[in-house]
Amino acid sequence: MSKPRIWISNAKPKAGDIVRVRALIEHRMESGLRLNKEGQAVPRNIINEFKATFNGEPLFNWQPETAISQNPYIEFTFVARQSGALEMSWTDDQGSVIQGQTELTISG
């Protein structure tokens, strides 16, 4: 799997500014309902957990269900209060973990 694409609206916000985060991960998202050429069900393998932390503190958690689309895109906002690392992780049914990180620096 490739690295996630992460975009933040402002990498150097002022304290108290709202920061918008957009992230896209490439993932096939097999629902377990599709059949292969032999007529057997393709095993389910979806992103089942998304976590976002800022400086190690939980910021946003999400547990998607089977109906999530391929290559899920997620968008959320938070209030910038300090400089630090915004870290995100996606975990799928097979135990694969995809991680991404970006830095935020509070400006004057």
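Okay, here's what the table says:
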item: Within region 8-22, tally of residues that are closer than 30 Å to Gln70 by Cβ and surrounded by 12 or more Cβ atoms within 10 Å (Cβ to Cβ); result: 8
item: Failed condition for Thr66, given (1) surrounded by 15 or more Cβ atoms within 10 Å (Cβ to Cβ); (2) at pLDDT below 95; result: (1)
item: Candidates Gly100, Gly56, filtered to the one that is under 19 Å from Ile6 (Cα atoms) and within 11 Å of the chain's Cα centre (by Cα); result: Gly100
item: Qualifying positions in region 1-28 - over 14 Å from Gly84 (Cα atoms) and in a strand (DSSP E or B); result: Arg5, Ile6, Trp7, Ile18, Arg20, Val21, Arg22, Ala23, Leu24
item: Tally of residues being of a type outside the set (D, E, K, R), within 15 Å of Tyr73 (Cβ to Cβ) and free of Cβ contacts under 8 Å to residues at least 60 places away in the same chain across region 3-41; result: 3
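The values are calculated or read from the model by the stated rules, or taken from the named source; none is laboratory data. Computed from a predicted model, the values in this text were never measured in an experiment. Neighbour counts are summed over all protein chains in view; Cβ atoms, including those assigned to glycine, are modelled from backbone coordinates with ideal geometry.
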